[in-house]
Amino acid sequence: MPRKASEEEYELVPVSPIKRLEREIEDLKKKKVAEIPIEKLGDNIEKLNEQVSKLVTVNINLQAKITELLIKNAELIEGVTEMVELLKRASEVEVTAETKPEQKIDLSPVVNELKNISSQNAQILEGFKRLNEYMQKTYRRGMLEKVLEAPSQRTMPEGGKI
């Protein structure tokens, strides 16, 4: 049957659930519950960024020290190679000197080269000492331990996980 224009549909709805929902929405607006965790999350993100910055700085410094160490190591290898060559030449000179006693042997280049190598070794030793001190300071500060701590172990101040 066709409906008449004057007939309107209506439905009975209980008002109490709607009123209860309105009250809950008002309470949520007043408490601003959503803003509190976001602020804490922002603080935690800032702290994490600081730790990451410290880790990056430590990493860059460590890379620089390792680069210095590699350079010194290459110099040491070069020095040892030169020393071996000098010793080979010196042994050849000694053999020929024994056969010809009237010739004088000048070992000053060998002595000078050995002094150079000794100086390089002292520099490398000093570099190792500085690197060791740097690593000990870094360890003592606990920066590496804090930064490398597993994310699942960190918690927010009120017990919430990051």
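The values are calculated or read from the model by the stated rules, or taken from the named source; none is laboratory data. Every value quoted in this text rests on a predicted model; they were computed, and no experiment measured them. Neighbour counts run over all protein chains shown; Cβ positions are idealised from the backbone, glycine included.
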Based on this model, can you work out whether Lys54 counts as modelled with pLDDT of 85 or more, among the charged types (D, E, K, R) and surrounded by 11 or more Cβ atoms within 10 Å (Cβ to Cβ)? yes
Which condition does Gln120 not pass, out of (1) among the polar types (S, T, N, Q); (2) more than 29 Å from the chain's Cα centre (by Cα); (3) surrounded by 12 or more Cβ atoms within 10 Å (Cβ to Cβ); (4) at pLDDT below 85, if it passes all the others? (4)
Is at least one residue of region 29-40 out of contact with any strand residue (DSSP E or B) (no Cβ under 8 Å at 6 or more places or on another chain), at pLDDT 80 or above and small (Gly, Ala, Ser)? no
